[in-house]
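J.: This structure is in structure tokens; I'll ask about it shortly.
The values are calculated or read from the model by the stated rules, or taken from the named source; none is laboratory data. The model shown is predicted, which means the values in this text are computed figures rather than measured ones. Cβ sites come from the backbone with ideal geometry, for glycine too, and all protein chains shown count toward neighbours.
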Amino acid sequence: MPELRQNRFTKEWVVIATERAKRPEELKAKHEVKPLPAYVQTCPFCPGNEALAPPEVWRTPASTDGDWRVRVLPNKFAALCREGEPTRKIVRSRRTINGVGIHDVIVETPDHSLTTALLTDSQVADILRSYKARFEAASADPRVAHVILFKNHGVAGGTSLEHPHSQMIASPVISSQVRGRLSEALRHFDEYGECIFCEVLQEDIADPVRIVLLTEHFAALEPFASPTPFYTHIFPRRHMASFGAISQPEVEDLARVLRSVLAKLYHGLDNPDFNYTIRTAPHESAGVTYYHWYLSIIPRLTRVAGFELGSGMFINTVLPEAAAEFLRNVKV
Ligand SMILES: [Zn+2]
Ligand SMILES: [Zn+2]
């Protein structure tokens with residue numbers, strides 16, 4: 001009998017379709033893993049082609065007279081405009097706000113051919129430090145209400161540019177998805193006096209069937225109500241509402257955990273397309289006791305179809321416990 005499981009953070013239900021359960025390895029990416037060149041002449045993110053992209057806003061190391069490891073640039077095809085004021089307009093039922101915000105591209109490595117799974121831990125730590133620096137700068141902008149850091153990898157992940165990169169969008173509004181997650185967390189805190197995320201984390205660590213990786217500062221796990229195969233959360237073990245509160249040792253530990261989980265996916269499932277995103281509290285809720293930031297990795301192994309669009313409910317054909325076991329066993 002299939003089992004419906006409820007996501008404790010969003011209250012959404014997921015159908016765990018054990019009747020048509022797939023073994024994790026049946027979901028391996030169908031595409032060929034073809035090697036990429038380390039440098040491409042027309043790529044705006046390759047070293048030496050800096051003039052093809054807008055002037056950078058950040059680099060590691062900071063000096064401009066040598067090689068860079070990570071660069072941050074304004075997105076050439078930005079979703080939001082860096083100049084102007086987020087003026088609201090309400091005309092009868094129509095609400096609008098000027099599309100003011102920040103849209104950055106984080107170029108993760110000078111090497112065109114690499115992907116996060118193949119980088120070193122210290123390179124991933126450089127990327128995370130650039131996230132933190134840009135997150136803090138964007139959060140300090142009074143026009144910004146919420147900052148979303150994310151990576152799209154592969155065609156199904158929504159990217160057409162091969163060069164390893166991630167993005168940051170600082171938006172003038174807080175989305176209703178984020179508001180919903182915050183208000184569910186607040187409701188839980190008011191009722192039980194504890195952070196729902198800390199509670200779930202303690203439960204999963206005590207009964208580690210869905211744990212993929214546990215380190216001093218982070219836990220990578222498959223959520224109980226995982227909506228799609230291999231959906232993976234990485235939680236800081238210390239309570240923090242905002243990604244901006246991450247400490248230096250935590251950045252280094254997160255780099256190891258993120259790279260290891262992505263390497264397990266890369267080697268275990270043949271470089272699947274994926275997205276990841278950091279789900280942080282907005283700046284106005286940065287220190288709250290009831291919300292807890294985390295990073296979600298969403299491999300794009302299946303397609304969203306009519307039922308998901310019509311109901312918001314997902315059908316997952318891989319048991320999260322089986323996905324966790326599979327990932328634990330991929331040696332990286
Ligand atoms: Zn490139
Ligand atoms: Zn917490």
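J.: Which count do you get for residues in region 183-215 that are over 26 Å from Lys264 (Cα atoms), surrounded by fewer than 20 Cβ atoms within 10 Å (Cβ to Cβ) and of a type in the set (A, V, I, L, M)?
T.: Summing the residues that are over 26 Å from Lys264 (Cα atoms), surrounded by fewer than 20 Cβ atoms within 10 Å (Cβ to Cβ) and of a type in the set (A, V, I, L, M) in region 183-215 gives 1.
J.: Return the only residue of Ser113, Ser171, Ser139, Ser183 being more than 17 Å from Glu284 (Cα to Cα), over 15 Å from the mean Cα position of the chain (by Cα) and of a type in the set (Gly, Ala, Ser).
T.: Selected residue: Ser113, the only one of Ser113, Ser171, Ser139, Ser183 that is more than 17 Å from Glu284 (Cα to Cα), over 15 Å from the mean Cα position of the chain (by Cα) and of a type in the set (Gly, Ala, Ser).
J.: Continuing with the same structure: Of the conditions (1) buried (at least 21 other Cβ atoms within 10 Å of the Cβ); (2) touching a residue at least 40 places away in the same chain (Cβ under 8 Å), Phe218 fails just one. Which one is it?
T.: It fails just one condition, (2).
J.: Could you tell me whether any residue of region 197-205 is under 30 Å from Val105 (Cβ atoms), modelled with pLDDT under 95 and in a helix (DSSP H, G or I)?
T.: no
J.: If you take just the strands (runs of 3 or more DSSP E) that sit entirely in region 56-154, which of them hold at least 1 residues that are out of contact with any helix residue (DSSP H, G or I) (no Cβ under 9 Å at 6 or more places or on another chain)?
T.: It comes to 70-74, 88-91, 94-97, 102-107, 146-153.
J.: Could you please let me know if His163 is away from ligand 2 (no atom under 16 Å from the Cβ) and assigned to a loop (DSSP other than H, G, I, E, B)?
T.: Here the answer is yes, as His163 does meet what is asked.
J.: Look at region 289-311 and say how many of its residues are in a loop (DSSP other than H, G, I, E, B) and either touching a Ser or Thr at 6+ places or on another chain (Cβ under 9 Å) or surrounded by 17 or more Cβ atoms within 10 Å (Cβ to Cβ) (or both).
T.: So the count comes out to 8.
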